[in-house]
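To start, the structure itself, in structure tokens.
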Amino acid sequence: MAMDLIPKRAADSATEMVQVVLPNDANPLGFILGGTVMHLIDIAGAIACHRHTRTLLVTAAVDDLQFLHSIKVGDLIILKSHVTCVFTTSLEVQVDVFSEETLTGRRLFTSRAYLTFVAISRDGAAVKVPPLIVETDEERKICEAAHARREERLKKKLEMASTML
Ligand SMILES: CC(C)(COP(=O)(O)OP(=O)(O)OC[C@H]1O[C@@H](n2cnc3c(N)ncnc32)[C@H](O)[C@@H]1OP(=O)(O)O)[C@@H](O)C(=O)NCCC(=O)NCCS
């Protein structure tokens, strides 16, 4: 498979997903299930990363996740994702989740997630990801923060792997 290693901006792959919360997505209280939100976060993150890498991907890690507000049946759930930083064969994406009341337009920020995806070839080997264009101070700050999170999660992975021995 020919690899596209052309550098891209975060804006080139930024993604917004919107869907209405239906009764089938909800718990008996009429709020969307946490697992459904996690599924949508994975999809929104993956789409931005696919747009950046144009490769197959696997989810390697999802950082801590909090649900600040419940989202009820009939509301819109909005997921905005953008790549924060790329490493060698992996990249980090930020996914922000909002609820929006359809009748009033009232929007609440409900969750933020950082996910790491690894680019793989058809035979499952990790492959290089295209560079991310980082030009502004703000973009540099975002990427530095992503490097710090990466260090933490790789440390946690090692700790977890060592407890499983
Ligand atoms: C993710 C996976 C490909 C990593 O495999 P691995 O043999 O540990 O890979 P490597 O050590 O060669 O690392 C490859 C890249 O992944 C990154 N990586 C691996 N595990 C990671 C983790 N837990 N968190 C963040 N990054 C991780 C490495 O830092 C490396 O990135 P870099 O090339 O940009 O430096 C492998 O563990 C896997 O396939 N996991 C299952 C994925 C899956 O099925 N996900 C769906 C949910 S179960």
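Any residue that is surrounded by fewer than 22 Cβ atoms within 10 Å (Cβ to Cβ), within 24 Å of Arg150 (Cβ to Cβ) and not acidic (Asp, Glu) - is there at least one of those in the range 70-80? Looking through the range 70-80, at least one residue is surrounded by fewer than 22 Cβ atoms within 10 Å (Cβ to Cβ), within 24 Å of Arg150 (Cβ to Cβ) and not acidic (Asp, Glu). Taken together, the residues in the range 126-149 that are within 14 Å of the ligand (Cβ to nearest atom) and either more than 21 Å from Arg51 (Cβ to Cβ) or of a type in the set (A, V, I, L, M) (or both) amount to 8. Within the range 110-133, the set of residues being in contact (Cβ under 8 Å) with a residue 12 or more places away in the chain and open to solvent by 50 Å² or more (accessible area, probe 1.4 Å) comprises Arg112, Arg122, Ala126, Lys128, Pro131. For beta carbons closer than 6 Å, sequence separation of 6+ or different chains, a first residue in the range 139-165 that is in contact (Cβ under 8 Å) with a residue 12 or more places away in the chain and among the aliphatic types (A, V, I, L, M) and a second that is open to solvent by less than 100 Å² (accessible area, probe 1.4 Å) and more than 11 Å from the ligand (Cβ to nearest atom), the qualifying pairs are Ile142/Thr84; Ala146/Thr84. Residues being open to solvent by 60 Å² or more (accessible area, probe 1.4 Å), of a type in the set (Phe, Trp, Tyr) and more than 11 Å from the ligand (Cβ to nearest atom) are entirely absent from the range 94-104.
The values are calculated or read from the model by the stated rules, or taken from the named source; none is laboratory data. Keep in mind that what you see is a predicted model, and the values were worked out from it rather than measured. Neighbour counts are summed over all protein chains in view; Cβ atoms, including those assigned to glycine, are modelled from backbone coordinates with ideal geometry. SASA here: full protein model, heavy atoms, side chains in, ligands and nucleic acids out. Shrake-Rupley method; radii C 1.70, N 1.55, O 1.52, S 1.80 Å.
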